[in-house]
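Everything below concerns the one structure shown next.
The values are calculated or read from the model by the stated rules, or taken from the named source; none is laboratory data. Quantities reported herein were computed from a predicted structural model and do not represent experimental measurements. Neighbour counts run over all protein chains shown; Cβ positions are idealised from the backbone, glycine included.
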Amino acid sequence: MSTAAMNRNTAHGESSSSPVLSLIDITKKFPGVLALNKVSFDVRAGEVHALLGENGAGKSTLMKVLAGKHQPNGGKIILAGEEKSFENPKQAKKSGIVLIHQEQSLVPEMSVAENIFLGSLPLKWGNRVNWKKLHADSTEILKRLKCTFSSRDMVSNLSIAKKQMVEIARALVFTPRIVVFDEPTASLTDHEKPVLYDIIRNLQEQGVGIVYISHRMDEIFHLSQRISVLRDGEYNGTLNTVDTSEDEVTKLMIGRTLELDHASKPSQFGEKMLELRHLTVNGVFEDVSFSVRKGEIVGMYGLVGAGRSEVAETVFGLRQPSVGEILLEGKVETIRSSHDAVVKGIALVPEDRKDQGLILGMNCRDNMTLSALGSVSSMGFMKTGEEKVVYDKYQQAMKIKTPSWRQKVGNLSGGNQQKIVIGKWLHTHPKLLILDEPTRGIDVGSKAEIHALIKELARSGYAVLVISSEMPEVLGVSNRIIAMYDGRVTAEFDGDAVSEDKLVQAITGQYVTDASGPAPAASA
Amino acid sequence: MLKNAAIATSVFMVTTTIAHAEDPYRIGITQNNVGVDSYQTTYESAFEQAADELDNVEVVVLDAGGDVARQIGQVRNLIQQRVDAIIIWPTNGQAVIPVIRQAHNAGIPVVVTNSKIAEAGLEYIAAFSGPDNVQQGASSAEMMCDALDGEGQIVQIAGQPGYTTAMERSQGFEERLAEACPGVELVETQPADWNREKAQRVMENFLTKYDDIDGVYAGDDNMGVGALNAAKSADRAEEIVFIGATNFAVGYEAIERGEYYGSIYQSPVDDAEAALQTALDVLSGEEVPKMNFFETPKITADNLAEFEKPVF
Amino acid sequence: MASIEQGKQAIMLSKKHKAGLLNFLSAQGILVFFLICMFAFSLFSEQFLSQSNIMTVVRQASIIGIIAVGVTVVIIGGNLDLSVGSMLSFSTVLVVDLHDKIGPAGAIILMFVLTLIIGAVNGFLIGFMRLNSLIVTLAMLSAIQGLVLIYSGGKNVDIANQSDTWFAFFGRGYVLGIAVPVILFAILAIIVQVVMSHTSYGRRIFAVGGNPAAAVYSGIRKNWCVFSTYLISAFCVSCAALVLGSRVMGSQNNVGQGYELLVLAGIILGGTSLLGGAGSIWKTIIGVLILGFIQNGLLLLGYPYYTQWLVTWVIIILAVWLDLANKRKRLFTTHS
Amino acid sequence: MINMNDFLKGSGFIQPIWIFVIVITVFFSFMSEYFLSVGNLSNILVQTSTIGLIALGMTYVMINGNIDLSVGAVLGLAASLSVGLQDYGITIAVIAALASGLVLGAINGLIVWKTGVNAFIVTLGAMIGVRGLIFVYTEEQSFYATNFAFSDFGTASIGPFPVLAIIFLICTLVMHLVLKKTGHGRNTFAVGGNPEAALDAGIRIGRHMMINFIIVGFFAALAGVLLATQMGAATPNLGRDYELWTITAVVLGGTKLTGGYGSITGTLGGVLAIGILRNGMNLMQVPAFYVLVILGVILISVLIIDQRLNVHASKGVSI
């Protein structure tokens, strides 16, 4: 702790300008929980200040206090030398503080312009919207962001990346003094990120103070000047980016050095567990062929919208193929429904944990046994004793941190939630495990644990398909990598012998191997 | 039955007198709420049958489903279609007056059937044809007096609040009761919406609330039999006199068994035929009195044999 | 880090113990409210707590209660069923009309089969066609009412020989001094409660209502689950029709009109959320009984019948509000 | 084929419900000679104006992500007040009636806003309770307007156009413009489409909800007053089941129960569809019992068609 305190002092000492924003001793209590305990944080004009911490450390709460969404129980907010207290988000926005959300916070059935000016539509007399001004102003903002879409487009028709741009455009409505980016790249792919970086630098040049929250070390070291760390609701130090290393930051975040599982990738492969032959779902993806062997981890890499999740959903019986075959252990199978898929030994850890993975209002135990209720019941009646045994087994095996099995899963951190989803599927004893973005929005510690778990599962004979938009993840776990672009498989690589350049080219449609090119039969 | 015969003859006569007319008369009827009870349903089929038997009548049969607004719309539609006459079974005695006035102004004669409309509207209608509900209530009160020998405490189960028939029967009953036998005290009135099950529930509550009930007056036999059911379940049917109105088959049988004291005999067939006949009379230019009540006699165990069992 | 977590939990737990009684009371708020109501009425009316009055109220409430048991399952599964009113008319008219035509046994069997078919139509449209349950059951409310009228030709139906048919048992019979409708209600409630809380089927329904997408992604056959809740609802309506038909020994075409709202009011009053994934049969029973006793109590006190509507208005909102307020630990929402 | 889909889906300028309206109009005009007459068409407009006026307000409430089940009862109360208070003069009676709608709407809105209780539950309670208020006020009696000026208004026409139809169409136009062009209208979409985002953007979601409940309360009351002018009277049971037909009409018009999507033009189509079906079936003398079944079946069919079109449009997995 003393090193951290020292670092903080050093950081302050070196500052060329005084902070435009200071949060001093902010305390926030929720019923039964002390979410923030006397946290201090400041941002200078024109700097990118990264805010780090594991999930549940209090980053988002701190930013919500700043943006007027929560009222602090103690502490001060000083903006440009003036003490402020924001009763609602609008006041904070008026003072030039803008929060760009992690979750999509757009209204789908409204135009881009209306979304940009949400809550502050320009009005004429009689409460009438001044459309001329609205679109003129919006167009100008979009131009600054180099966006190609029109302010009149309906948001529901935009791609995820473009939606993210609309969120950012919102920040520029009022001349912002502070912009908070909360996991802005979560839904962006690697090739879309540079646009975002440009925007951030542009804001910096205009003297805007940036708070940047992310789990991705590479981004933080690429962008930020300073890094502050929160742990368990308490301030844990500030570091100058140039003077520190990933290891030091990680240590500060989790309070220990990360015990990375450096065990190598699995290497013993069995027969083909899953094989797709020219699989097509009309209008979604086309002519997808690849296979996964037992004991093998196959990574599927591509942009959001490239059709990766959709391929997984088709294998899991949630979509029906228009053309092509799915083979399980060498036999052609029709998978009619997700229930059918479970019976046939397929497990899918879905992309969206909260919406697809868990029943948030149910307790940990009930979520854990949900996919294999037959195993913990007889004649339809639940055997609660056995249920508890099953739960305890996976809870211990995966080190799930929860006070009791009675805890609602909605109250757990992202990492622990994801482990419950994985536990749920392991208990079905599948032969094929598909993980769609298994570590999205999960803190560094849990991430490493999950990666190790995936490798261990493969070594014990599972066929594993990992879908991810994070290159390090794909490279780190996969034996083979399937690249997808625009609904097609563009290339297949050896996981240990591929260059990052080639991968990027493959998922942006610039590189196609001969082997996986579209077969002429499929287009007929 | 003499009366039926009389109507049949008059229908026959009308048929012969206007058989030479080039176009048949188009008569539109909008009923209150067919299907809510058998009376209205029987009325409808009797009306259609009576019309079928005449060559020169074409009818447009509509049902308001108990909704005043819909009935008004239907009358407007009938005006629009330029029917020759409109028969209306009012969902509400006052609310239909403006639209009746509209029909009147459009030169289409209106015959009100079954339940009366308020005085203000009388000048716009050609005639009313139906039972006298106030008189029915009074008759029931008289039966109650006879049955109880002018002494006792009774309860009333009324029809759906806000409906003319329910109000008129209650009014007739209460006024006549006070007048004819002040010794009989009406302790409580609750509505049961013409619904037998509801009447059964209301009566169950009366039975727990009052240790001593000598008589029950129900707005129709359907509800009266519900009350009887409740009293039988509580083993108190013996000590209670049940009197209803609009004799239903179930009520008729109960009178036969001696469980039910009496009711008012009112035939939907008479009702329907009288309405059609009144309309035809008006169309053929006859002088028709404003108020045409058909007879609704008391029915008790004494004169039960004089009446056919109702078909509904 | 683990120790901090545990520390936090320990603090939370000890706080919980201190507020134990208060928590218990607020969790059982509706039950407490129920007892207060009963007490208040008994002060003003001597008959209110008499055995015969209580039995009357419970017997009268059991028809609504039986239907509410089924609809609670539908609601836990994340849907609504507004068609139960018309369906009750349909089943009652059917069983009464068929009684004299094919005998009581045949009538009952055929009535159950046909009602279940209607339930299956609801279930098919909502479960498999994935249509919105509010609108579908609203449309069915109208369509089934039409079917009843077409079937009966708009006439009342009656059982001719009422004195010696064993059909009378369901609505008028007594076993050990307890009315058969009450016994049926109790048996159905217990069975369904056990199914919902102790079987894998019940667990699946809770999952489907709690998060339909996650249920599908967990390999649960959501469509079948939703479909089956409407069969349960239809089955309960059939049982209610049995009681109603036997009690009245006749039926009108609109006998079930408005029941859908009474049932919903009882369920909401009991505290089952309309959002799905939560709720219980016990709550529903309490809610239905509260409605019954309030109606009865007000009548005994001599208030006109429509005052119960005003009282229902107030207590429904109060009950749900206080429940919510207790969960969020504050009386009012904070947004502007 | 794809173009046809787009067309039916309403991404063009014609909404699917209007195609349905056109189809049944053509159908009935072949089936009945009276159907296409000016008189009959204006009849349809007058008859749909009651449900139609309420549906205008209901569209706002539903786009806002709420629902109002109490409209039928509010209509009944306003009708009773507008007739029952005529001893104080027609103007005062009408003002009091409209005010009752505003107040009850405000009460509903305030409860939804401040307590956070689901609007379905709040207004279900109000639906039962306000009906109780009517009975307390009227003591179960129907009220009669002694002054014919009141009922003359309900039957008056300007040229061939009935006054009630004109009022309805003007209100429709105004509400369409308010929804499309004003800050309140746009924010109504925002609150229904994404309440969380609206809150973050500083939109006062509680206030917008309350305003919309007041709007629907007002229109329910206005519909009640106008219905009373058609009858020159008011009955305590007036407006029962109207909430169901109103919601049905709004949903037919394409407004989503989940909020954030809908239009007044669609609602107008929905209201007209139900009105034309009822009128046309009356003209064809379809027995009343069958009308109920046909309306139910048509409603479900429209839902199915609408869903099929949307499934093809969205590429997501249908859960």
A:Glu275 being assigned to a strand (DSSP E or B) and within 14 Å of chain D (Cβ to nearest Cβ): no
Answer from A:Leu196, A:Leu223 - the residue that is touching a helix residue (DSSP H, G or I) at 6+ places or on another chain (Cβ under 8 Å) and at pLDDT 85 or above: A:Leu223
Which listed residue is in a helix (DSSP H, G or I), within 14 Å of chain C (Cβ to nearest Cβ) and closer than 23 Å to D:Thr248 by Cα, from D:Gly109, D:Gly101, D:Gly105: D:Gly109
Test: residue in the stretch D:7-14 that is modelled with pLDDT under 90, basic (Lys, Arg) and surrounded by fewer than 19 Cβ atoms within 10 Å (Cβ to Cβ): yes
Test set (1) under 27 Å from D:Arg240 (Cα atoms); (2) assigned to a helix (DSSP H, G or I); (3) in contact (Cβ under 8 Å) with a residue 60 or more places away in the chain; (4) within 14 Å of chain D (Cβ to nearest Cβ) - C:Gly127 fails condition number: (1)
Some residue of the stretch A:428-436 being charged (D, E, K, R) and touching an Asp or Glu at 6+ places or on another chain (Cβ under 6 Å): yes
B:Thr296 vs. criteria touching a Pro at 6+ places or on another chain (Cβ under 6 Å) and either at pLDDT 90 or above or crowded, with 19+ Cβ neighbours inside 10 Å (or both): yes
Test result for C:Gly103, touching a helix residue (DSSP H, G or I) at 6+ places or on another chain (Cβ under 8 Å) and either surrounded by 24 or more Cβ atoms within 10 Å (Cβ to Cβ) or assigned to a helix (DSSP H, G or I) (or both): no
Any hit, the stretch B:182-199, residues being closer than 28 Å to B:Ala234 by Cα, away from every other protein chain (no Cβ under 14 Å) and in contact with a Gly (Cβ under 6 Å, 6 or more places away or on another chain): yes
Cβ-Cβ under 9 Å pairs, at least 6 apart or on other chains, the stretch B:286-312 side over 28 Å from B:Ile87 (Cα atoms), far side of a type in the set (S, T, N, Q) and outside any loop (DSSP other than H, G, I, E, B): B:Ile299/B:Ser263; B:Thr300/B:Ser263
Residue in the stretch D:34-43 that is surrounded by 20 or more Cβ atoms within 10 Å (Cβ to Cβ) and outside any helix (DSSP H, G or I) present: yes
Top-ranked residue of the stretch B:161-188 - restricted to ones that are in contact with a helix residue (DSSP H, G or I) (Cβ under 7 Å, 6 or more places away or on another chain) and of a type in the set (Ser, Thr, Tyr), ranked as surrounded by the fewest Cβ atoms within 10 Å (Cβ to Cβ): B:Ser170
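Condition test on A:Phe269, is it of a type in the set (Phe, Trp, Tyr) and in contact with a Leu (Cβ under 9 Å, 6 or more places away or on another chain)?
Here the answer is no, as A:Phe269 does not meet what is asked.
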Pairs where the first residue, in the stretch D:230-242, is within 7 Å of chain B (Cβ to nearest Cβ) and more than 9 Å from D:Leu75 (Cα to Cα) and the second is surrounded by fewer than 24 Cβ atoms within 10 Å (Cβ to Cβ) and charged (D, E, K, R), C-beta under 7 Å, 6+ apart: D:Pro236/D:Glu140
Unique match (being surrounded by fewer than 22 Cβ atoms within 10 Å (Cβ to Cβ), farther than 30 Å from A:Ser375 by Cα and either touching a residue at least 12 places away in the same chain (Cβ under 8 Å) or within 14 Å of chain A (Cβ to nearest Cβ) (or both)) among C:Leu261, C:Leu231: C:Leu261
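For the stretch A:390-406, which residues satisfy the criterion of being closer than 16 Å to A:Thr428 by Cβ and exposed (fewer than 14 other Cβ atoms within 10 Å of the Cβ)? It would help to see each step written out before you state the result.
Pass one, the stretch A:390-406, residues closer than 16 Å to A:Thr428 by Cβ: A:390-391, A:393-394, A:397-398.
Selection gives A:Ala397 alone.
So that you can scan it fast, the table gives a plain yes or no per residue for (1) part of a loop (DSSP other than H, G, I, E, B); (2) within 14 Å of chain D (Cβ to nearest Cβ); (3) surrounded by fewer than 19 Cβ atoms within 10 Å (Cβ to Cβ); (4) touching a strand residue (DSSP E or B) at 6+ places or on another chain (Cβ under 9 Å):
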| residue | (1), (2), (3), (4) |
| --- | --- |
| A:Lys69 | yes, yes, yes, yes |
| A:Glu83 | no, no, yes, yes |
| A:Phe86 | yes, yes, no, yes |
| A:Gly126 | no, yes, yes, yes |
Of the criteria (1) within 14 Å of chain A (Cβ to nearest Cβ); (2) touching a residue at least 40 places away in the same chain (Cβ under 8 Å), which one D:Gly224 fails: (1)
Every residue from the stretch A:5-51 that is outside any strand (DSSP E or B) and modelled with pLDDT of 60 or more: A:Ser17, A:Ser18, A:Pro31, A:Ala45, A:Gly46, A:Glu47
B:Val134 more than 23 Å from the chain's Cα centre (by Cα) and either surrounded by fewer than 20 Cβ atoms within 10 Å (Cβ to Cβ) or assigned by TED's automatic domain parsing to the domain that holds B:Glu259 (or both): no
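Scan the stretch A:377-391 and tell me whether some residue there is aromatic (Phe, Trp, Tyr) and in contact (Cβ under 8 Å) with a residue 24 or more places away in the chain.
Yes, that holds for at least one residue.
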Enumeration of residues in the stretch A:88-103 that are within 9 Å of another protein chain (Cβ to nearest Cβ), buried (at least 18 other Cβ atoms within 10 Å of the Cβ) and in contact (Cβ under 8 Å) with a residue 40 or more places away in the chain: A:Lys93, A:Leu99, A:His101
Number of the condition not met by B:Gln94 [criteria: (1) surrounded by fewer than 24 Cβ atoms within 10 Å (Cβ to Cβ); (2) at pLDDT below 90; (3) touching a strand residue (DSSP E or B) at 6+ places or on another chain (Cβ under 9 Å); (4) within 14 Å of another protein chain (Cβ to nearest Cβ)]: (1)
Residues of the stretch C:290-313 classified as more than 7 Å from every other protein chain (Cβ to nearest Cβ), closer than 24 Å to D:Ser70 by Cα and assigned to a helix (DSSP H, G or I), total: 8
Some residue of the stretch B:71-80 being charged (D, E, K, R) and facing chain D (nearest Cβ under 8 Å): yes
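In the list B:Ile154, B:Ile86, B:Ile108, which residue meets the criterion of being more than 10 Å from chain D (Cβ to nearest Cβ) and either in a loop (DSSP other than H, G, I, E, B) or touching a Pro at 6+ places or on another chain (Cβ under 7 Å) (or both)?
Details: B:Ile154 fails: either in a loop (DSSP other than H, G, I, E, B) or touching a Pro at 6+ places or on another chain (Cβ under 7 Å) (or both); B:Ile86 fails: either in a loop (DSSP other than H, G, I, E, B) or touching a Pro at 6+ places or on another chain (Cβ under 7 Å) (or both).
The unique qualifying residue is B:Ile108.
Could you list, in sequence order, all residues of the stretch D:183-197 that are over 12 Å from A:Pro108 (Cα atoms) and more than 7 Å from every other protein chain (Cβ to nearest Cβ)? Steps first, answer last, please.
So the first thing to find is which residues in the stretch D:183-197 are over 12 Å from A:Pro108 (Cα atoms), and the list is D:183-188, D:196.
Across the stretch D:183-197, the qualifying residues are D:Gly185, D:Asn187, D:Thr188.
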Residue within the stretch A:366-378 that is more than 23 Å from the chain's Cα centre (by Cα) and away from chain C (no Cβ under 14 Å) present: no
